[in-house]
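Colleague: I'd like to ask you about the structure that follows.
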Amino acid sequence: MPNRIQLQSIRTAGELFANAAIQDVDTAIYPPKRSLLSRVHLYQGDITEIEVDAIVNAANSTLQGGGGVDGAIHMAAGPALAKACRELYPGRHPCPTGDAKITPGFQLPSKHVIHAVGPRWSVSSDTQTIASQLASCYRISLQLAVDNNCKSIAFPLISTGIYGYPIDEATHIALKETRIFLDGNDQLDHVVFVIFTGRNGDQKVYEKFIPYYFPFGPGDVAESVEPLSGAKDSVDE
């Protein structure tokens, strides 16, 4: 039986502000909405131990496991997970980049695993295309969670491991897609961003950028999901 990390033990954005782990910024990209601060969490540790309705796997196109987070999830879930993935994509038909599929969690504390196939980054990449594919991973995963009656979901930072996506850019995409989704959907109660153990630099990136998308601010000054004019240009990437 794996260790179980309960959701209520993972700090929310509101608690991070309260503990001064993150600081409000003068030029937030999205307006303050205090109700969101209890719905967004940040955690450094093992995603396979988190007790949520769904965890997201940074999967390859075969959905058959690999290195990093992908391999850890398959190992913790047991062989039934690979079998379920084979049934989704029999033969040699890969899951398209930017898409995601859901399976049971089997031996994991989470009820479901959502397998999201992120893009590979290289110096010759079409940056607009791969950014769109990475954003799609988050949008589809969030929607799959809601469609399967999940109230909580945990994400690794998709594509930033061996796929090489720059951490700053990937974090902006993850936070933006989550902000837009939560603004328009109240069926999902909690989103956890999970940093792999030991990657302290990744945690600092999240702590730096969360206030731009989920600012503390003076209160709920607007309900619009539209970015604040000109704010994005002021973010130091």
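Colleague: Looking at His112, Gly71, Pro156, which one has the Cα that reaches farthest to the positive end of the dipole of the range 5-225 (charges on Cβ: Lys, Arg +1; Asp, Glu -1)?
Modeller: It is Gly71.
Colleague: With angles folded into 0 to 90 degrees, how steeply does helix 79-88 sit against the dominant principal axis of the chain? Use alpha carbons for both and round to 10.
Modeller: Once rounded, one gets 90 degrees.
Colleague: Hey, another quick one. Kindly express, to the nearest 10 degrees and within the range 0 to 90, the angle between helix 127-147's C-alpha long axis and the longest C-alpha principal axis of the chain.
Modeller: The helix 127-147 is inclined about 80 degrees to the chain.
Colleague: Quick query: amide H of Gly105 versus all other amide H atoms, modeled in the peptide plane; which residues come in under 5 Å with a sequence gap of 5 or more or a different chain?
Modeller: Amide H neighbours of Gly105: His112, Val113.
Colleague: Lysines within cross-link reach of Lys33: Cα-Cα under 21 Å, excluding same-chain residues under 8 positions apart?
Modeller: Lys151, Lys176, Lys208, Lys232
Colleague: Computed from the coordinates I sent, Cα extents along the principal axes in Å equals one of [x] 52, 42, 33; [y] 72, 36, 32; [z] 64, 49, 33. Tell me the label.
Modeller: Working out Cα extents along the principal axes in Å from the coordinates points to [x].
Colleague: Could I ask something else about it? For the range 1-69, rounded, prolate or oblate, judged on the Cα gyration tensor with a ≥ b ≥ c (square roots of eigenvalues), a/c < 1.5 rounded, else prolate if a/b > b/c?
Modeller: On the way: a/c = 2.69, a/b = 1.74, b/c = 1.54.
In terms of gyration-tensor shape, prolate.
Colleague: Taking the Cα centre of the chain as origin, sum charge times position over the Cβ atoms of Lys and Arg (+1) and Asp and Glu (-1), and report the length of that vector in debye to the nearest 20. Write out the running numbers ahead of the final one.
Modeller: On the way: 19 positive and 26 negative charges, 147 e Å.
Approximately 700 debye in magnitude.
Colleague: Enter the angle in degrees (range 0 to 90, nearest 10) between the Cα long axis of helix 68-77 and the first principal axis of the Cα atoms of the chain, meaning the one along which they spread out most.
Modeller: For helix 68-77, the angle is close to 60 degrees.
Colleague: I've got another one for you. Report the residue, chosen from Gly65, Gly98, Gly45, that carries the largest GNM mean-square fluctuation when the chain is represented by alpha-carbon nodes joined by springs under 10 Å.
Modeller: With Cα springs under 10 Å in the chain, the top fluctuation among Gly65, Gly98, Gly45 is at Gly45.
Each reported figure results from applying straightforward, stated rules to the coordinates on display, with no laboratory input. All values reported here derive from a predicted model rather than from experimental measurement. A quick note on method: Cβ atoms are made from the backbone with ideal geometry, for glycine too, and the neighbour counts reach across all protein chains shown.
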